[in-house]
1. Output the residues belonging to the stretch 142-181 that are of a type in the set (S, T, N, Q) and either in contact (Cβ under 8 Å) with a residue 60 or more places away in the chain or closer than 23 Å to Arg70 by Cα (or both).
2. Residues being of a type in the set (S, T, N, Q) and in contact with a strand residue (DSSP E or B) (Cβ under 8 Å, 6 or more places away or on another chain): count how many of those fall in the stretch 127-178.
3. Looking at Arg199, Arg192 in this structure, which one is crowded, with 20+ Cβ neighbours inside 10 Å, closer than 25 Å to Leu64 by Cβ and either without any contact (Cβ under 8 Å) to a residue 60 or more places away in the chain or not aromatic (Phe, Trp, Tyr) (or both)?
4. Just to verify a result, which residue in the stretch 150-166, among those that are assigned to a helix (DSSP H, G or I) and in contact with a Cys (Cβ under 9 Å, 6 or more places away or on another chain), is nearest to Glu40 (Cα to Cα)?
5. Which condition does Ser94 not pass, out of (1) among the polar types (S, T, N, Q); (2) under 30 Å from Pro134 (Cβ atoms); (3) in contact (Cβ under 8 Å) with a residue 40 or more places away in the chain, if it passes all the others?
6. Under 7 Å between Cβ atoms, at least 6 apart or on separate chains: pull out the pairs that start in the stretch 205-224 with a residue that is farther than 23 Å from Gly31 by Cβ and end on any residue that is modelled with pLDDT of 95 or more and in a helix (DSSP H, G or I).
7. Are there any strands (runs of 3 or more DSSP E) wholly within the stretch 3-107 with 2 or more residues that are under 25 Å from Met197 (Cβ atoms), and if so which?
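The values are calculated or read from the model by the stated rules, or taken from the named source; none is laboratory data. Treat the numbers as computed from the prediction; the structure is a model and nothing was measured. Glycine also receives a Cβ, built like all others from the backbone with ideal geometry; neighbour counts cover every protein chain displayed.
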Amino acid sequence: MSLLPSAKRPNALPDSFFDRDAQRLARELLGKVIRHKVGERWLSARIIETEAYYCEEKGSHASLGYTEKRKALFLDGGHIYMYYARGGDSLNFSAQGPGNAVLIKSAYPWTDKLSGPASLAQMQLNNPDASGHPRPPQKLCAGQTLLCKAMGLKVPNWDAKRFDHEALFVEDVGTVVPQIIQTTRLGIPHGRDEHLMYRFVDAAYAPYCTRNPLRRGQVEGRDYLILD
């Protein structure tokens, strides 16, 4: 199944959507669906966890300065920035302002008329568990590198590129995210602004993100905030 010409895809997010403050973008990307065409199939996943990054804070790649590898971070909002982390690929989108971006931290497989059971099966083949068995859907994209592996997203193919509505885009499918959890980002080294609450999670999918912010021992108002 193929999509309509891009001019007839009103729900595909335009590049201008990404030209906004990184925290706002991180929140508003929750519930949106990433679509990536691999072969004849569209692989799709609903964004459930994001992290915002700014050039001026120490947790960001951009804070280390401009390089050719990081150039996408310094381009207009809506450029794709991909890099290798933990032995896999990671997906980011540039936001408003040089050096600002949003990391797509985790997602949940999405099925509909465009991405049916065969697409989900392909994602499971792309990202088996350590024993070679299919991961259950709730664990398939539960981390930035797991997401990219399941969806077949590779650094050489997409880094510093724009969205291509015939191959990769983000779609507003009309889902509502009534409650968002705001908390600290993951994997930020000590002394590099690890205290900043720039991580956002769709509360309904909290158990399926990289690390559940509502796990035992976490205290509202200290470890996380609830945004309505």
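1. Passing the criteria: Gln144, Thr145, Asn157, Thr175.
2. Number of matching residues: 4.
3. Just one listed residue meets the conditions, Arg199.
4. Out of the qualifying residues, it is Met151.
5. (2)
6. Note: no pairs meet the criteria.
7. 41-53, 80-85, 88-94
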